[in-house]
Every structure is written in C-alpha cells, then in structure tokens.
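Read the figures in this text as sums done on the coordinates, not as results from a lab. Every value quoted in this text rests on a predicted model; they were computed, and no experiment measured them. Virtual Cβ from ideal backbone geometry, glycine too; neighbours counted across all protein chains shown.
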Amino acid sequence: MREATRELLLQVDSATEWECPTGFDYQTALREVRAFAEDAAQMLNLNFTLDDQVQDASFFADLYEVDLAVGVWFSAFGRMALAFTENVRAWTSEGVPVEIVHLLQRHGYGVVQPQDGTDMYDGALKDLRGKTTWIGRLFDYL
C-alpha cells in the first residue's frame, strides 16, 4: 500500500464505530453521491445506477455502470470512494477511466485503488485487526 493512502485511511478510521462514524449525515452524503452521478452523466456520458439501500456495511451507497463494468463504492468514513472494474477474477483499478477518478476528486472524494486496500487491516478498531483488509474495513459489508 502506498504510504499516502495508508495515512488517508488511518485518518478516517474509527476505534469505536463499525458502520459509520458518529455524526455521519446520510442524507447529505447521498445528495453528494447523486450530484456526482449527475455530473458523470452530463460530462462523461455515463449512466450510473445508484444503490442506496446498503445495510450492515461500512459504505453507504454504490454506483455502477453495467456496460463499462465500472463501480464506485462510497465509504461512510470520510469522503472516500473506491473506484473499480469488476470481472470474475478480481477487482482492479485498471480500466477505470481516469475521467471518473478526476471527477470524484473534483467532488472532494479521496479515491482508493483496489490494490491499495488489500493490505491486512491494522487500524484503530482492535476487533477487526488481522481479520479483514482495508477495503473490508471501510468499503464493504461487515
């Protein structure tokens, strides 16, 4: 994992909260995801489908574009996004159009690449240390 990514993940991590940090504003966060999706449609001609019915997870929403097999998961911890392509073998950031990453960044999201989140979790939440990856901690179902 790149050190800059590790520092960013450590900053948003919580020693006590599993699914979202105290004070997480779901409605505002969801509005911001919708604004990103609208800009992606207008600027990049991408028609993301929104899944906002996520439960028991450390992310609160995801967008996916079926034709490109591109997805974005939005963490409830910080303004973090995991952009990936998916195939039957593995997630990868290869093939994610750089324009999507740049648009996420313009919307204020820190973008994590899948390969940077596969290190074993060693963060603040002691009960999860050594049991999952950083993606599992901040971008997945618990």
- line: When the chain is treated as a Gaussian network with springs between alpha carbons less than 10 Å apart, the largest mean-square fluctuation among Tyr121, Tyr109, Tyr26 is found at Tyr26
Residue with peak Gaussian network fluctuation, the chain [Cα springs, cutoff 10 Å], from Met43, Met80, Met120: Met43
query: Which value in nm describes the separation of the simple spin-label points at Val66 and Gln42, placed 7 Å from the Cα toward the beta carbon?
result: 2.6 nm
- prompt: Which residue fluctuates the most in the chain, going by a Gaussian network model with Cα springs under 10 Å, if the choices are Thr85, Thr22, Thr132?
  reply: Thr22
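Grab the other residues whose beta carbon is less than 13 angstrom from that of Asp62, score K and R as +1, D and E as -1, and report the net.
On the way: positive: Arg34; negative: Asp51, Asp52, Glu65, Glu86, Asp140.
Residues near Asp62 contribute -4 overall.
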Distant-in-sequence amide H partners of Val111 (H built 1.01 Å from N, under 5 Å): Ala81
query: Once phi is turned into ³J(HN,Hα) by the Karplus curve 6.51 cos²θ - 1.76 cosθ + 1.60 with θ = phi - 60°, what whole-Hz value does each residue of the stretch 56-67 show in order, with x for glycine and proline?
result: 6, 8, 8, 10, 10, 7, 9, 10, 9, 10, 4, 4
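Residues with beta-carbon under 9 Å from that of Phe74, excluding Phe74: net charge, scoring Lys, Arg +1 and Asp, Glu -1?
Working: positive: Arg79; negative: Glu32, Asp62.
Taking every Cβ under 9 Å from that of Phe74, the sum is -1.
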message: Between [x] 61, 37, 25; [y] 43, 33, 26; [z] 56, 36, 27, which entry matches Cα extents along the principal axes in Å as derived from the coordinates of this structure?
response: [y]
